Amino acid sequence: MKKFPWFETILVIIVMSISLYAALSDAQNLSQRWFMRDDAYYYFKVAQNISEGRGSTFDGINPTNGYHPLWMAVCIPIFTLARFDLVLPLRILLLVMSGLSVATGILLFRLLGKIFAPFIGALAALYWVFDTTILNNVYRQGLETGIAALFIVLFLYKLYDFETTWHRNGVPRKQLVALALLAALTMFSRLDLVFFAGMAGLWIVFRGQALRYYLPLDIVAIIFSVLSAFTTKFGFPEYFEHTNAAMTMVGVALFIRLPAAYFLGLHQNPSADKPLKTLAKLAAFALVSSAAISVVMLVVARVMDFDAMPRTVLAMDAVFSFLFIGATRFLHRDLHTASSQPKMDTPIGALQTNWKQWLIEGSTYYGIVVGLLGVYMLWSKLAFGTFSPVSGQIKRWWGSFLVSFYGKHPQDTLTFFGVNTKGDSAAWQPISEIFGKWAAKLTFLNPDGNTRYVIVIVAAALVFYLILRTDKQKARTVIARLGILPLFTGCFLQVISYNALGYS
């Protein structure tokens, strides 16, 4: 007999009761304590105009697509009520946001309860629905963040189901299509979640191969290597004078390094080679791929008339790629367990064995995700004259100003990579803010604040790594079932998609 979900029921009752009390309070509370950010009202006014037959417009004259589609689809029916009472939609939307919050909390409870213990899941759920930082950043602003959080956790929950069944039952086409549709919905909840959807596809299609771990990590390492070389060479804000060169080199490096890593055997099981042989492969990879990238970039720089393509950037990228990609191999090797060794094959042999399955499943998953994104972009181009939301283009334009009251592009390396302690670019709050407070107390180390902060980050990463080593099999299982790898790599790409291009 199935147990009654007491925890979930009580959580829903408490959260929705508090929310109902807030929704029925004086009207001024809805603008003074909820929905305080002006961006929310761009959604609300456009939704009202659409519902009243004026089309997708904010001012009633000019068409706009400056919103994420799924949240707008939720707002439109709610704001049909604005013709009767302007405040009523805000009251209903507060309840909707609270429903999204408690639904996300319940999913966290179920996911972490299955992987760890129900008590851990309950703590996570309680933290999610009652923490003021999450409440302020995710829900009170009235933006798409709440529905995006729900779909991220729902997608992770379904990836957990996938991870626990594919070993025994394979992957039916129906399940693959369902995952792809859920990935598309996650993407439409916030369009920049396309990176998470893309990394999840690699995780799904290349299951059972070391490639599922190495390919996402290599994409991150290659991008990080190129951008580290450019930012080290030029610093800030001078880096943004060379954005075109940096982005071009990112594309060239991905095109050259990923196949080179695969065919040189760096996407195989790390336990198959001795450390010296792995180092030899890494050295060959860095030398061969860097030489090819250098030739291509010097030619492209001349053709595209880049302001500068310094040889030092190419040299630093070679060193960084060796270090970053090498680090993933030796860390994975150290955390490897005998029971988790995938079946070994040569790169050519693995390709011959699996290419048909990879092609069919990759075409199915990405055909749905990319196809639906393409439909949206085509509709946007035909309806509004632009493939992507105009709001993002405006913020890239703002970021190009030397002086701006709204915001500006990143001013230092920590902000550029999204690991600064505070501000709109701090992608890892509240953890980054906590680490920043710890770093401020380490005055005995003498280095400046940023250096102490980096020391704290490195120390925390080392402690986390040592915890993983205490039970390697459990660590591997948890990382796989929580979808940590596609989530982490998707996060990195999402942050870089803004900061590398000078987004405000």
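The values are calculated or read from the model by the stated rules, or taken from the named source; none is laboratory data. Note that the structure is predicted; figures quoted are calculated from it, not measured. Every residue, glycine as well, gets a Cβ built from its backbone with ideal geometry; the counts of neighbours run over all protein chains shown. Note: areas computed on protein heavy atoms with side chains; ligands, DNA, RNA excluded. Shrake-Rupley method; radii C 1.70, N 1.55, O 1.52, S 1.80 Å.
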Evaluate the charge dipole of the chain about its Cα centre and quote only its size in Debye, nearest 20, assuming +1 on the Cβ of each Lys and Arg and -1 on the Cβ of each Asp and Glu.
-> 1380
What residues of the range 65-104 lie in the reach of a label at residue 41, counting those whose backbone N is under 14 Å from a point 7 Å from the Cα along Cα→Cβ?
-> 86-87, 90
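For the chain, what does the helix formula give at 222 nm: sum of -39500 (n - 2.57) over DSSP H segments with n ≥ 4, over the residue count, nearest 500 deg cm²/dmol? Let's see the in-between values first.
Values: 20 runs with 352 residues, N = 504.
Helices in the chain give a 222 nm mean residue ellipticity of -23500 deg cm²/dmol.
Is the C-alpha gyration tensor of the chain telling us rounded, prolate or oblate? Criteria: a/c under 1.5 is rounded; beyond that, a/b larger than b/c is prolate, otherwise oblate.
Details: a/c = 1.57, a/b = 1.31, b/c = 1.20.
Verdict is prolate for the chain.
Output the DSSP H helices from the chain with an along-axis C-alpha extent of no less than 15 Å and a mean Kyte-Doolittle hydropathy no less than 1.0. It would help to have the intermediate numbers written out before the result.
On the way: long enough: 6-23 (25 Å, 1.91); 38-51 (20 Å, -0.54); 88-115 (41 Å, 1.73); 118-130 (18 Å, 1.78); 145-169 (36 Å, 0.49); 173-189 (24 Å, 1.28); 194-205 (16 Å, 2.18); 211-234 (34 Å, 1.25); 243-263 (30 Å, 1.25); 275-304 (41 Å, 1.70); 311-335 (36 Å, 0.81); 347-384 (48 Å, 0.58); 449-470 (32 Å, 1.50); 484-499 (23 Å, 1.31).
Counting only whole DSSP H runs, the qualifying helices are 6-23, 88-115, 118-130, 173-189, 194-205, 211-234, 243-263, 275-304, 449-470, 484-499.
Ignoring ligands, DNA and RNA, what accessible area per residue does the range 360-485 give at 1.4 Å, in Å²?
On the way: 7680 Å² over 126 residues.
On a per-residue basis, the range 360-485 sits at 61 Å².
Would you mind telling me the share, in percent, of accessible area of the range 347-504 contributed by carbon and sulfur at probe 1.4 angstrom? Can you show the working numbers first?
Details: 6280 of 9150 Å².
Ligands and nucleic acids excluded, carbon and sulfur reach 69 percent.
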For the range 102-239, using Cα atoms only, the Rg and Dmax in Å read 18.0, 54
Sorting 398, 438 by accessible area (1.4 Å probe), largest first, what list results?
-> 438, 398
Kirkwood radius from Cα pairs of the range 339-487 plugged into Stokes-Einstein at 20 °C, 1.002 mPa s, gives D in µm²/s equal to 104
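Mind ranking 13, 78, 455 by accessible surface for me, highest first, 1.4 Å probe? All intermediate terms of the calculation are to be shown ahead of the outcome.
Values: 13 100, 78 20, 455 70 Å².
Largest accessible area first, the residues go 13, 455, 78.
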What translational D, rounded to a whole number of µm²/s, comes out for the range 179-248 from Stokes-Einstein when the hydrodynamic radius is the Kirkwood one over Cα pairs, at 10 °C and 1.306 mPa s?
-> 112
Points 7 angstrom from Cα along the Cβ direction at residue 16 and residue 438: gap in nanometres?
-> 4.0
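Any idea what the dipole of the range 376-504 comes to, in debye rounded to 20, about its Cα centre with Lys/Arg Cβ at +1 and Asp/Glu Cβ at -1? Before the final figure, lay out the partial values.
Details: 13 positive and 5 negative charges, 70 e Å.
For this selection, approximately 340 debye.
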Using a cut-off of 29 Å between alpha-carbon atoms, which lysines can reach residue 114, once sequence neighbours fewer than 8 places away in the same chain are excluded?
-> 2, 3, 158, 174, 343, 472, 474
For residue 57, which sequence-distant residues (separation of 5 or more, or a different chain) have an amide H within less than 5 Å of its own amide H, given hydrogens modelled in the peptide plane?
-> 50, 64
Taking the mean number of other Cβ atoms within 10 Å as a proxy for protection, how do you rank 81-92, 223-234 from highest to lowest?
-> 223-234, 81-92
Can you pull the accessible area of residue 379 for me, 1.4 Å probe, Å² to the nearest 10?
-> 120
For the range 1-44 and the range 151-193, compute the distance between their C-alpha centroids and round to whole Å.
-> 28
Accessible surface of the range 179-244 [probe 1.4 Å, protein heavy atoms]: carbon and sulfur percent = 64
What part of the accessible area of the range 1-160, given as a whole %, is carbon or sulfur when the probe is 1.4 angstrom?
-> 67
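When ligands, DNA and RNA are left out and all protein chains stay put, how many square angstrom of accessible area per residue does the range 164-274 have with a 1.4 Å probe?
Working: 3910 Å² over 111 residues.
Roughly 35 Å² per residue, with all protein chains present.
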Given Cβ charges of +1 for Lys and Arg and -1 for Asp and Glu, the option among 276, 235, 390 whose Cα lies farthest towards the positive end of the dipole of the chain is 276
In nanometres, the difference between 0.36 nm per residue of separation and the alpha-carbon distance of residue 465 and residue 165 is 105.2 nm
For residue 16, what accessible area in Å² do you get when you roll a 1.4 Å probe over the heavy atoms of the protein chains, rounding to the nearest 10?
-> 50
Toy charge model, Lys and Arg Cβ at +1, Asp and Glu Cβ at -1: the range 249-330 dipole around Cα centroid in debye, rounded to 20, equals 320
Per residue, what accessible area does the range 5-108 have, given a 1.4 Å probe and all protein chains present, in Å²?
-> 49
Straight distance only, please: which lysines reach the Cα of residue 381 with their own Cα at less than 28 Å, same-chain residues fewer than 8 apart left out?
-> 45, 395, 408
Loop trypsin sites (Lys or Arg not before Pro), the range 234-330 (other Cβ atoms within 10 Å of the site Cβ: 10 or fewer; DSSP) = none
List the relative contact order of the range 116-199 as a percent without decimals, with contacts defined as Cα pairs under 8 Å and 6+ residues apart.
-> 27
